[in-house]
1. Can you pull out every residue in the range 323-339 that is touching a residue at least 60 places away in the same chain (Cβ under 8 Å) and farther than 14 Å from Gly251 by Cα?
2. Taking the range 220-244, which residues are assigned to a loop (DSSP other than H, G, I, E, B), farther than 16 Å from Val324 by Cα and touching a Gly at 6+ places or on another chain (Cβ under 9 Å)?
3. I need every pair where a residue in the range 250-273 that is closer than 16 Å to Val211 by Cα has its Cβ under 7 Å from the Cβ of a residue that is among the hydroxyl-bearing types (Ser, Thr, Tyr), sequence separation at least 6 or different chains.
4. Return the residue satisfying two criteria in turn: it lies in the range 11-69 and is polar (S, T, N, Q) and over 24 Å from Glu381 (Cβ atoms), and of such residues it is surrounded by the most Cβ atoms within 10 Å (Cβ to Cβ).
5. Residue check: is Val105 assigned to a loop (DSSP other than H, G, I, E, B), exposed (fewer than 15 other Cβ atoms within 10 Å of the Cβ) and either on the phi > 0 side of the Ramachandran plot or hydrophobic (A, V, I, L, M, F, W, C) (or both)?
6. Report yes if some residue within the range 377-389 is in a loop (DSSP other than H, G, I, E, B) and without any contact (Cβ under 8 Å) to a residue 24 or more places away in the chain; otherwise report no.
7. Residue by residue through the range 408-422, note down the ones that are touching a residue at least 24 places away in the same chain (Cβ under 8 Å) and not charged (D, E, K, R).
8. If you check Ile199 against the conditions, is it among the aliphatic types (A, V, I, L, M) and part of a helix (DSSP H, G or I)?
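The values are calculated or read from the model by the stated rules, or taken from the named source; none is laboratory data. None of the values given here were measured: they were computed from a predicted structure. Cβ placement follows ideal geometry from the backbone for every residue including glycine, while neighbour counts extend to all protein chains displayed.
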Amino acid sequence: MPAPLESDVPSAALTGSMRDYAAPRGAGLQDRTAEFFAWQDLRRKHGLWSYARSTQDVPATVTTACEDSGAPIGGTNFASQDYLSLSVHPAIRQTAQEAIERFGVHSAGSSALMGNTSHAVALERRIADFLGMPEAILFPTGWAAGYGVIKGLVRPADHLVMDSRAHACLQEGARSATGNVHHFRHNDLGGCRSLLRSIRAGDSANGIMVVTESLFSMDSDAPDLAAMQEMCHEYNATLLVDAAHDLGNMGPRGRGFIGEQAMIGKIDLVMGSFSKTFASNGGFVACADRSVKEYLRFFSPPCTFSNALSPVQAATVLKAFEIVEDAEGGRLRDRLMANITALRHGLGQEGFSVYGDPSAIVCVDLGPEGLARLVSRRLPEFGLLANLVEFPAVPMGKARLRMQVMADHTSQNVHDAVAALTSAVRSAKADDIR
């Protein structure tokens, strides 16, 4: 059934954000969720709630899904994070099946209490070698790795110096660990240095962790990692780099921007997620020595008090690293970059602005939140699945469509996606003025 015309949409469904409901008041913890649900459900009833969808088959380049209302949708899929298309790779599937036959499906314990398997131990070694670092430790999710490395190492008297657009897991870890959280403007090296200088002028006794990402997913840009590491050495600080989005799918031999900037083995701490490139949930922290690894195992709550990766996950990621490092991985990265380039070029020809530099995340500027919601509602009608990102995840008035590219996308998929987005914007604008 076609969505109602935009002229029938209440303004409340086109305005406001989730931040408005982040700090509800009232004595009843459950009762005070109702205001958010009323706003969410208003958007849902008018086809403007594009979150919490569920796929109905594999997250391939074309897939079927359901809205959270249960309405079926489908089309060309630029909404799933599977950059090298490894989730449907036959060798990955075979590896997962073999792991189930040998180990079952459950780790049955944390890594501190016999939850590891031989695959997990081998995977830690593989990651450390891949990044040119002495040690690595696994976490149950990428979120747990980001939150856990900060919570595990930083204490209340210490300081966090963070890029303002660092991922939510890093922000939450910082707030949980210490009240001394200092933000610098996105990729502003001068701002970072100023904070370090100021902190060290007043506190030479406590630790400082500087937090950034090797590729920021909302802006598709990268910091100068060498300059940041040098600053950290100068001010006796520790650098943590989140490599979730580029590791494995970009850079020389899949080493991402850390490899691109010749920083392999030179960064204090590297964390990442398996859910973007390596066909599984899970995360890791690579570190400089065994003492850091063991401290995290027993003092990082998500590591100590969560079950370890399942044997299926550990085996899957280990196989994914094998593919990433061999000749096939190079071919997949080449195909991925060709698709990225083609999509960015096609969008540019239609007058769209995209953020940052070429990466598997192509964020298209849609502007005001109201228009962006109308466009997002129209996309499935024209056969495109892609994720809307709006305030507060990005600045107010800078809503964007986050298109996630896969190696297996075809030139026809790319063409169809550009055509669908063009039609959705045209349709939304036309209806908006009725």
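1. Ile323, Asn339
2. As a first pass, look at the range 220-244 and keep what is assigned to a loop (DSSP other than H, G, I, E, B): 220, 222-224, 235-237, 243-244.
Now narrow it down to the ones that are farther than 16 Å from Val324 by Cα: 220, 222-224, 235-237.
Answer for the range 220-244, where residues must be assigned to a loop (DSSP other than H, G, I, E, B), farther than 16 Å from Val324 by Cα and touching a Gly at 6+ places or on another chain (Cβ under 9 Å): Ser220, Ala222, Asn236, Ala237.
3. Phe257/Ser214; Ile258/Ser214; Asp268/Thr238; Leu269/Thr238
4. So, considering only residues that are polar (S, T, N, Q) and over 24 Å from Glu381 (Cβ atoms), the one surrounded by the most Cβ atoms within 10 Å (Cβ to Cβ) is Ser17.
5. yes
6. Scanning the range 377-389 turns up no residue that is in a loop (DSSP other than H, G, I, E, B) and without any contact (Cβ under 8 Å) to a residue 24 or more places away in the chain.
7. Listed by number, the residues that qualify are His409, Thr410, Ser411, Asn413, Val414, His415, Ala417, Val418, Ala419, Ala420, Leu421, Thr422.
8. Yes: the conditions hold for Ile199.
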